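What follows is a set of notes on a single structure, which appears directly below.
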Amino acid sequence: MAIRKRTWRNVDGERIEGTWRHAFICNGGTYFLTDLLIYADGMVDCWGLETLEGFAGKLASGWVATDLPEGAPASAHHLASWTFTEPKTWLTPQMLLGEVRDDIDNLNGRPDSTRRCLAAVDVFRQQPTEANRAAVREAYEAIPEHLRRYALGDMDRKDFPLRVIVTGPGSPIELWDGDTVDVTKEMHASAMEYFAERERLRKQYDTKTPADGPTEPVGSSVHLSQVVFPRGWPENPGTHVLRNEFPAPIVVGGLTCPTIAHAYWALAVADEHRQAEILGAETPYDAQKLAEASALRDDWPQVRVAVMTRLLRAKFQQHPEFAETLMATGATRLIYTEVGSTFWGQQGSEGRNWMGRLLELTRSELVAEKLSVLP
């Protein structure tokens with residue numbers, strides 16, 4: 001089962017990944033609807049951290065309740081209270097415990113009970129011995145009972161081919177209508193072919209290129225780090241020309257700007273006189289400091305991405321040699337470092353990297369124009 005609801009807890013500064021699900025805790029005869037928190041280190045928070053074994057004990061004792069008695073009082077803290085009338089529950093303690101075990105496996109990137117069973121089937125297909133069939137049977141029975149029919153992800157045949165393999169020729173198998181028949185050699189051969197075809201389709205899917213191209217960038221990311229050169233920019237700056245502070249004069253809206261950084265901060269301020277002062281600043285850093293000491297436009301948070309997009313287009317249209325450097329980065333992800341800004345840049349795992357994304361957009365536009373892709 002895929003992990004969709006994520007949470008975590010900190011242990012000695014380390015982030016322990018987790019997931020959560022709804023559950024009932026029976027305390028003092030009242031059934032409280034709460035969240036069951038499951039962590040990658042095998043701990044389960046059910047109104048107190050427990051090991052997986054301790055959680056199994058809480059299930060067995062009824063503290064974590066899967067049986068809801070008629071007429072029992074129930075509560076959702078600070079939200080509602082009610083009394084159970086004709087309650088219906090879907091999970092037994094063993095089913096819930098099996099799901100939690102699968103959650104812990106998934107949080108750790110390990111095969112869960114379903115994937116372990118399918119791996120056992122692969123072994124059996126290669127060596128169809130009774131010992132390997134017994135291994136498939138054991139793995140199948142380890143899947144929580146209510147999840148077995150979904151093991152193959154086949155809404156038509158459910159887990160029937162899997163049960164045929166588990167059962168083997170000559171042994172009885174239950175049909176969906178409740179009848180029982182013996183598995184024939186033909187049924188078994190059909191089930192084996194089902195898994196062979198499934199494997200062929202899986203390999204075909206794994207090697208298939210999406211119609212719109214790869215989801216992830218091709219090649220390693222390019223890191224456009226913020227670097228200070230006390231003696232001036234190097235003679236061969238390489239990808240440093242893609243930085244906003246690189247001296248690439250542009251003309252936008254009648255303004256002549258030494259760098260994109262000068263242009264950006266000049267357009268950010270509300271005072272036109274201050275704008276001229278910023279454009280005349282000796283360095284991009286000085287331009288930023290002047291802007292920080294000024295009143296910015298009230299609508300700047302709404303328009304800044306559009307402004308930066310326009311500035312980037314101007315830079316690479318007015319400096320074709322720099323456009324070539326940008327296009328030479330191919331389809332890689334561009335990671336831009338901007339000290340003090342997690343909006344424009346990325347530092348470690350933090351940051352929205354808007355500059356990197358806008359450079360990728362500009363790159364795509366330049367390539368499309370060069371190849372005459374757009375009408």
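For this structure, a couple of remarks:
- 25 Å Cα-Cα reach of Lys58 towards lysines, excluding residues that sit fewer than 8 places from it in its own chain: Lys5, Lys88
- For His319, His223, the sequence from fewest to most other C-beta atoms within 10 Å is His223, His319.
- Note on His146 and Trp47: their simple-model spin labels are 2.1 nm apart, each label 7 Å out from Cα toward Cβ.
- Each other residue within a Cβ distance under 13 Å of Gly170 adds +1 if Lys or Arg and -1 if Asp or Glu, for a net charge of -1.
- Checking [x] 30.9, 92; [y] 21.9, 87; [z] 21.2, 63 against Rg and Dmax of the Cα atoms in Å calculated from these atoms, the matching label is [x].
- Theoretical FRET efficiency, 1/(1+(r/R0)^6), r = Cβ-Cβ of Lys88 and Val305, R0 45 Å, to 0.05: 0.35
- Charge-dipole axis of the chain as Lys and Arg at +1 and Asp and Glu at -1 on Cβ define it, positive-most pick from Leu96, Ala268, Gln347: Ala268
- Summarising the strand pairing of the range 222-367, around 60 percent of its internal DSSP beta bridges are antiparallel.
- Counting all C-alpha pairs of the range 222-367, share separated by more than 17 Å (%): 61
- A simple spin-label model places pseudo-atoms 7 Å from Cα toward Cβ; at Thr342 and Lys158 they are separated by 4.9 nm.
- When the chain is treated as a GNM with alpha-carbon contacts under 10 Å, the residue of Thr114, Thr167, Thr325 showing the greatest mean-square fluctuation is Thr325.
- Computed from the Cβ-Cβ distance with R0 of 35 Å, the FRET efficiency linking His223 to Arg202 stands at 0.50.
- Inter-probe distance in nm under a simple model that places probes 7 Å from Cα toward Cβ, at Arg125 and Ala331: 3.0
- Helix axis angle, 52-61 relative to the chain longest principal axis, alpha carbon, degrees: 50
- Counted charge near Cys46, where neighbours are those whose Cβ lies closer than 10 Å (Asp, Glu -1; Lys, Arg +1): -2
- Within straight-line cross-link reach of Lys203, lysines at Cα separation under 19 Å, skipping those fewer than 8 residues along the same chain: none
- Close amide H partners of Ile335, meaning residues 5 or more places away or on another chain with modelled amide H under 5 Å apart, are Val222, His223, Leu224.
- The chain: angle of helix 354-370 to the longest principal axis, Cα-based, in degrees nearest 10: 80
- Loop-located trypsin sites (Lys or Arg not before Pro) in the range 159-264, at most 15 other Cβ atoms within 10 Å (DSSP): Lys208, Arg231
- FRET efficiency estimate (nearest 0.05) - Cβ-Cβ, Asn108 to Gln318, R0 51 angstrom: 0.45
- Charge dipole magnitude, Cβ of K and R +1, D and E -1 - the range 153-240, Cα centre, debye nearest 20: 540
- Restriction of the GluC sites (Glu not before Pro) in the range 26-82 to DSSP coil positions whose beta-carbon has at most 12 other beta-carbons within 10 angstrom yields Glu70.
No lab work stands behind these numbers, since they all come straight from the coordinates. Model, not experiment: these values are computed from the prediction. Every residue, glycine among them, receives a Cβ derived from its backbone with ideal geometry; neighbour counts consider all protein chains shown.
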